[in-house]
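For reference, the structure discussed in these notes is given below.
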Amino acid sequence: MPITGYQIKAARSLVGMEQVALAEKAGVSANTIRNMEAYGADRVKGRTETLDAVTDALKAAGVTFIDEGMSDGGPGVRLGK
């Protein structure tokens, strides 16, 4: 599923996680997180393994990513139960 920079930033905000903390949990640099979030509304491009590590870390914190086709308002995130 394509993930946008805004989704990563919003997901991080939902769980109260700083960029550095997410980077540590995903095993990437904080600069990588900043670069991903800088994509804004565009799809994050880069290595699949890196994006998977970031999204997996956020999912482990309770975030669910919503695909553009799954909602009326476009891509998003929500906090799981």
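The values are calculated or read from the model by the stated rules, or taken from the named source; none is laboratory data. Everything numeric here is computed off the predicted structure, so don't read it as measured data. For neighbour counting, all protein chains shown are included, and Cβ atoms are generated from backbone atoms with ideal geometry for every residue, glycine included.
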Fill in: In region 45-56, residue surrounded by the fewest Cβ atoms within 10 Å (Cβ to Cβ) [restricted to those that are aliphatic (A, V, I, L, M) and within 9 Å of the chain's Cα centre (by Cα)]
51
Worksheet item: Of all residues in region 1-14, which are of a type in the set (A, V, I, L, M, F, W, C) and either part of a loop (DSSP other than H, G, I, E, B) or surrounded by fewer than 21 Cβ atoms within 10 Å (Cβ to Cβ) (or both)?
Response: 1, 3, 10, 14
Item to complete: Name every residue in region 15-38 that is assigned to a helix (DSSP H, G or I), surrounded by fewer than 17 Cβ atoms within 10 Å (Cβ to Cβ) and not charged (D, E, K, R), in order of residue number.
Response: 20, 21, 30, 31, 35
Discussion item. Criterion first (in contact (Cβ under 8 Å) with a residue 24 or more places away in the chain and surrounded by fewer than 14 Cβ atoms within 10 Å (Cβ to Cβ)) does residue 76 satisfy it?
Written reply: no
Worksheet item: Could you list, in sequence order, the residues of region 48-81 that are in a loop (DSSP other than H, G, I, E, B), modelled with pLDDT under 95 and either touching a strand residue (DSSP E or B) at 6+ places or on another chain (Cβ under 7 Å) or not hydroxyl-bearing (Ser, Thr, Tyr) (or both)?
Response: 67, 72, 73, 74, 75, 80, 81
Worksheet item: Which is of a type in the set (Val, Ile, Thr), touching an Asp or Glu at 6+ places or on another chain (Cβ under 7 Å) and closer than 21 Å to residue 75 by Cα, of 3, 33, 8?
Response: 8
